[in-house]
Amino acid sequence: MHFSRETVKARAGRFGTAGQFCFDVRAVCPALSPNRSKAGMIPLFRTKNGQIKRGNPMSVELSMLMWSGVLLLVLVVMAANAGIMAMGMPWGFSNRDEAANLEGWGARAKRCYMNHLENTVIFAAILLPVSLSGISNDMTVLGAQIFLAARVAHAIIYVAGITLLGLRTLAYFAGVIGTIMILIQAF
């Protein structure tokens with residue numbers, strides 16, 4: 001189906017409260033947004049009992065797993081930048097046959113990235129079966145939130161090099177406790 005520029009403006013354009021031009025893709029090509037409501041902006045999803053609801057169908061627990069992945073991405077970028085800063089841009093574009101000699105925050109960022117990767121794999125291996133089996137309650141939500149908060153605190157403390165009172169170890173064990181809280185709900 002082809003629309004002229006005027007048709008697109010008439011069907012898709014509207015002016016917001018600030019006077020800016022807003023564009024609703026669904027008005028131009030409804031096939032691009034099959035899960036959108038009639039208003040075109042709020043996603044629809046079907047619940048387990050068949051009801052259609054508006055909003056985000058992702059559970060809090062899966063959202064915490066997603067944000068843990070975002071934290072992992074941030075740590076990967078930090079570790080990669082530390083290597084490039086230590087070895088130079090040509091090394092960054094090479095096959096990196098020679099390992100980067102990292103010191104200070106760069107070395108801590110790389111170790112933090114590896115630590116977070118290991119813990120996220122364990123968290124995902126426990127959370128996904130629990131979530132897919134339909135178990136979601138206050139304990140699983142709290143466990144997932146504790147895990148993410150602890151991992152963010154762990155990353156900040158680790159990369160910053162804070163050694164005060166074993167805070168990094170406390171943050172690590174808080175994340176483990178959050179994961180165990182979810183595991184307990186599976187039984």
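The values are calculated or read from the model by the stated rules, or taken from the named source; none is laboratory data. These numbers were taken from a predicted model, which means no experiment stands behind them. For neighbour counting, all protein chains shown are included, and Cβ atoms are generated from backbone atoms with ideal geometry for every residue, glycine included.
Which one of 92, 83 is in a helix (DSSP H, G or I) and at pLDDT below 70?
When all the criteria are applied, what remains is 92.
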Checklist outcome for this item: For residue 47, the lone unmet condition from (1) at pLDDT below 65; (2) under 25 Å from the mean Cα position of the chain (by Cα) is (1)
Checklist outcome for this item: If we ask which residues in region 111-161 are surrounded by 14 or more Cβ atoms within 10 Å (Cβ to Cβ) and assigned to a loop (DSSP other than H, G, I, E, B), their number turns out to be 2
Checklist outcome for this item: Scanning region 55-73 for residues that are modelled with pLDDT of 90 or more and in contact with a Phe, Trp or Tyr (Cβ under 9 Å, 6 or more places away or on another chain) gives 64, 65, 68, 72
